[in-house]
Each structure stands twice: as structure tokens, then as C-alpha cells.
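Asker: There's a structure below that I have some questions on.
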Amino acid sequence: MHSIFIPGIALMNRLKYPKKFALVALLLSLFIIALLFSLVQELNRDIEFSTKERIGLQYITPLKDLLQSIERHRGLTILYLSGNTVALEEIRTLRDIIAEEIAIVNEINEQYNNIFNVSGDFADIVQKWNSLQNISLDLSPEENFQEHINIVKEFLYLILDIADRSNLTVDTEIDKFYLSRSIRRNIPFLTDRISRIRTLGAGALADKTITDEERKMIRIEMAFMVQELENINHNNQKALETNPALTPRLRRFIQDMNESIERFLNIVEEEMMQERAITLEPYEFFEIG
């Protein structure tokens, strides 16, 4: 083992002290440079990782708005097909809003040069949406409902793909990981379940009767909805345990979310799951949802 150092010892013995100090300083400098280089590389990786996350959220935010608009379109068209012709004007207005939201997503994608390679997928979904909106009012309520579900599913999966490609899925910081899990998956799936209940319920209320099959479908959607809410609350708990500094900012929103969903579920239970006369108007229920 000592033989490894013999050449170095011999070299140092031949040098005078100024040169010895200079050599040691050079070696230390090289070591420091190597450390700095490694640190810069690591910081650049962290910056690139965080930058992708930020861009991913910039995509997901307008996609979330677009998703909710299409879910609302699903409900309004069911109301119209069930005889509520007043909904037609809002359907037309909403379609203009959806066109604007699609343009916003395209602008973001162009701004970042299709960084996540989703332009083709998004264009395919938009094409399907355009075809659906042209025929949605000519379909039966059941066909219209199912076609909207198919479009919504594709948007939900697109959000998940963007989360995967933007590092939101694999964030190593525990609080960010759980918060992003809610953003990329649980909240979009929760709002979809709420929208399905809202649409099914409003359609049934328009008919002034609810069949056992409709009650069964609503009950199934309620179960999925409650599960997604539990997932979100679990994510929140994990995030706040890891980063208590988030508590003042998130506590009120978490409480509001749980209370409003509980109120909605109570209304569904009282108005639709019980064998009694229906008193709630379909559009009123739709807006509550």
C-alpha cells in the first residue's frame, strides 16, 4: 500500500518549501474545481427538473379549465336533451369559451416548442371534441353522456402524461410529490365524478322520476367520488406533515372542499336516493353540483 505513495514522497522531498506549497495549492485548487463542477452539474439538473415541473403546471392549469368546461357541456346538453331548452344559449356560449381554452393550450405548447410531445395527442382529442359538439344535440341522452365520458377520459389521461413527462410524477420531495399527485390525478378525477353525478341527477330530475338503474349509477359514482376525496385528504395530510409551513395557506381550502362536497352528497342522498316526491329543479341541482 505504501509503495503507491513512494513516487509522490520522492517528488516532495526534492522540492523546496515554496514549490511544495505551490504543488499542494494546485492540487487543492484542482480538487475544488472538480467539486464546483460537480455542484454546478447537480444544480443544473435540479434547475432543469424544477423548470420542467413549472412548465408542466402551466400546461395542466388551462387543461383543467378546459376539462371542467367540457364536463359542464356534458351536463348542459343532457339538460337540453331532457327538455330544458333554456340551456341552449348557455351551450352556445360555453362552446365559444371551450374554443378559447383550446387556443390557450395551443399557445402554451407553441411557446415551449412542444416540450412534452403532446401536440399530436392534444390535436386528436380536439378533433374528437369538434366532431362531438357538432352532433351532441342530435344524440340520445345516453349516447351523448357516453361520448362525453370518452372525451373527458382522454383529457384526464393527457394530464397524467404531461405530469409524467414534466417530472411531477417523480418529484423526490415528499410534500411536492403528494401535492402534485392531487393536482395531476385525484382532483381531475374527483371533479369528473362530481360532474357525472350532476349530469345523471339533472337528467333524472328533468324527467321528474328516478329509476332504480339511475339510482344505482349515481350510487356507484358517489362511491368513486368519496374514494377520490379520501385520496386527496390523504395527500394533504402527508404534505402538511412533511411541510407544516403549508398549513396556513391550505387549511381553509381543504376545509371548504370537504364541507362543500359533504353538502352536495347530502343533497344527492336526500333528493335522489330516497323513495319520495322530487322537489328539486334540474337546473338548480346542476348549478349546486
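The values are calculated or read from the model by the stated rules, or taken from the named source; none is laboratory data. Because the structure is predicted, anything quoted here is derived from the model rather than measured. Backbone-built Cβ (ideal geometry, glycine too); neighbour counts: all protein chains shown. The protein model used for the area step is the full one, side chains on, heavy atoms only, and it has no ligands, DNA or RNA in it. Shrake-Rupley method; radii C 1.70, N 1.55, O 1.52, S 1.80 Å.
Asker: Counting Lys +1, Arg +1, Asp -1, Glu -1, what net charge surrounds T169 among other residues with beta carbon under 12 Å of its beta carbon?
Answerer: Charge balance near T169 sits at +2.
Asker: Check each of the trypsin sites (Lys or Arg not before Pro) in the stretch 213-289 and keep only those in coil by DSSP with at most 12 other C-beta atoms within 10 angstrom; list them in order.
Answerer: R276
Asker: Which residues does a label at T51 reach in the stretch 104-148, if reach means a backbone N under 18 Å from a point 7 Å past the Cα toward the Cβ?
Answerer: Residues 108-117 qualify, since their backbone N sits under 18 Å from the label point.
Asker: At a Förster distance of 25 Å, what's the computed FRET efficiency of E143 paired with R219, Cβ-Cβ distance as r, to 0.05?
Answerer: The calculated FRET efficiency here is 0.65.
Asker: Shifting gears a bit: With every atom except the alpha carbons ignored, what do you get for Rg and Dmax of the stretch 83-241, in angstroms?
Answerer: Computed over the Cα atoms of the stretch 83-241, radius of gyration and Dmax are 18.2, 52 Å.
Asker: Using a 1.4 Å probe and ignoring any ligands, DNA or RNA, find the accessible area of M217 and quote it in Å² to the nearest 10.
Answerer: 70 Å²
Asker: Still on this structure, please answer the following. Given a Förster distance of 35 angstrom, what is the FRET efficiency for N117 paired with D212, based on the Cβ-Cβ distance and rounded to 0.05?
Answerer: Computed FRET efficiency for N117 and D212 comes out at 0.15.
Asker: With a 1.4 Å probe and all protein chains kept in place, how do V170, V152 rank by accessible area, largest first?
Answerer: The residues order as V170, V152, largest area first.
Asker: Multiply the residue gap between E275 and D96 by 0.36 nm, knock off their C-alpha separation, and tell me the result in nm, one decimal place.
Answerer: Full-extension gain reported as 60.4 nm.
Asker: Just to verify a number: what accessible area does D207 come out at with the full protein assembly present, 1.4 Å probe, Å² rounded to tens?
Answerer: 90 Å²
Asker: Under a 1.4 angstrom probe, counting protein chains only, how are T172, T77, T93 ranked by accessible area, largest first? All intermediate terms of the calculation are to be shown ahead of the outcome.
Answerer: Working: T172 125, T77 0, T93 70 Å².
Final ranking, largest accessible area leading: T172, T93, T77.
Asker: In addition: Which order do peptides 138-147, 221-230 fall in by mean Cβ count within 10 Å, highest first?
Answerer: Details: 138-147: 14.9, 221-230: 16.9.
Output ranking for 138-147, 221-230: 221-230, 138-147.
Asker: Once both labels are modelled 7 Å past Cα along the beta-carbon direction, what's the A245-D65 spacing in nm?
Answerer: With each label placed 7 Å out from Cα toward Cβ, I get 2.9 nm.
Asker: Could you state how much accessible area D124 has, in square angstrom rounded to the nearest 10, with a 1.4 Å probe and all protein chains kept in place?
Answerer: 80 Å²
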